């Protein structure tokens, strides 16, 4: 059954199956509230770009229906409610990709206490995805459900909470088994008031509630009463905080990050209460540490993890914290080169042995994911071998001797830096001149066959190039002229 809503000329309606899509603009006063009043269960309200001031004295009510309120694709939508959002009679409030500026909630009445609250005994809920929420400074908590009301679920995904002066989520003594889920969210520059009862930031006290906080970043988040926390499950049941980062810009004694939950793969830094960790004794800890997460520029809102941050690998090698702050890595295009090696000793070729290659990381200490493999002998040569290698992936390599099956027989090779050739002919720098374990290893490493070191010259090459070592320095000889690695002629 299709429905048609004619609220105002600025509201255009499209239909999807049995649910309506209601398009609104901010040209109509209280456009969101009016559209919501006329919507039915399952409808979507799509908001064009602009700032929406909801100033009517009536609440923004999700009454007995689940309705999605979202920004049009690519639109910046700011909602400035002057009245609270309420959910009742089995309703569900769903907000997607909008900004909610809660700073104007005191303009019409001074007795409002919450941005959103559940206000009756039916199971109700709310979901916020991709939203930015800020400016809340009323008397109590931003999102609230108390013992006379019921909540089925409060879900927050990919949201950014900042510049808030009160508690954010508060659930207490609720009948039933409510679920509170906070995932992939960032909380920054938040402090609660000094009243102990509203001092927790995410504070769940319902006995049968399930609290899940996962992959979240908390920066400069301060519960002002030292007995409460950024994340609390006071009843000590079914509460988890995993893969989260808690950081204060300066060390503060008496400030706590977590209480009453099971914490796994979490960082706390500069929260000094509870033995200098900010973690209450009621918390079961699994791989939690007090260490600087090394954000790039947190004071200016950049919580990207710096190179080498411990948060990049804490979760079994995977990053922790809000995923939006994990630095992106541009894919590197393969750069295949044929790498040649001149054997230094005849006995390297004996009994089927051949030179092999192991590739190493930039620090020349960590073995890269490249096996020691046999190089192929160059046809017509007795002591030159080659292999195809992606030098964008494997920057450093070490040449070893291997047996006939390609297994390493012994080390004793030189290391080559493949990042920058020493001249136009892809001659690579040998970074380790000394023999390993007394083995001279390879005599030279280069890319273009026929222009290798130590006089290995292809007589058909247009340019004859030789690289030698004199007094520990690389000397390149081109057609009889001697150059250093910078290309300066050596006299």
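What follows is calculated from the coordinates using simple rules that are stated; it is not laboratory data. Given the structure is predicted, the values throughout are model-derived calculations rather than measurements. Quick reminder, even Gly has a Cβ in these numbers, built from the backbone with ideal geometry, and neighbours come from all protein chains shown.
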Problem set entry | Kirkwood estimate for segment 12-325, i.e. one over the average of 1/r between Cα atoms, Å | 19.7 Å
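Sort 288-295, 303-310 by the packing proxy (mean of other Cβ within 10 Å over each peptide's residues), most packed first.
Per-residue mean Cβ counts within 10 Å order the peptides as 288-295, 303-310.
At a Förster radius of 51 Å, what calculated FRET efficiency corresponds to the Cβ-Cβ distance of residue 21 and residue 338, to the nearest 0.05?
Details: r = 59 Å, r/R0 = 1.16.
Calculated value: 0.30.
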For this session: Just need the relative contact order of segment 12-325 here, percent rounded to a whole number, with Cα pairs under 8 Å and 6+ apart.
Result: 9 percent
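Rounded if a/c is under 1.5, else prolate if a/b beats b/c, else oblate: with a ≥ b ≥ c from the C-alpha gyration tensor eigenvalues square-rooted, which is segment 121-220? If you can, show how the numbers build up before the last one.
Numbers: a/c = 1.87, a/b = 1.28, b/c = 1.46.
It comes out oblate by the Cα gyration axes.
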Problem set entry | Ranked by how many other beta carbons lie within 10 Å on average, peptides 222-231, 178-187 from highest | 222-231, 178-187
Exercise. Using the per-residue mean of other Cβ atoms lying within 10 Å as a proxy for protection, in what order, highest first, do the peptides 71-81, 257-267 fall?
Worked result: 257-267, 71-81
Exercise. Could you give the nm distance between label points at residue 157 and residue 316, where each point is 7 Å from its Cα heading toward the beta carbon?
Worked result: 2.1 nm
For this session: Please report the Cα spread of segment 151-281 along all three principal axes, rounded to whole Å, starting with the longest.
Result: 40, 28, 27
Problem set entry | Spin-label pair residue 275/residue 381, simplified geometry with 7 Å Cα→Cβ offset, distance in nm | 6.2 nm
Exercise. Given a Förster radius of 25 Å and the C-beta distance between residue 40 and residue 120 as r, what FRET efficiency does 1/(1 + (r/R0)^6) yield to the nearest 0.05?
Worked result: 0.80
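Taking every DSSP beta bridge with both residues inside segment 12-325, roughly what % is antiparallel (nearest 5)?
5 percent
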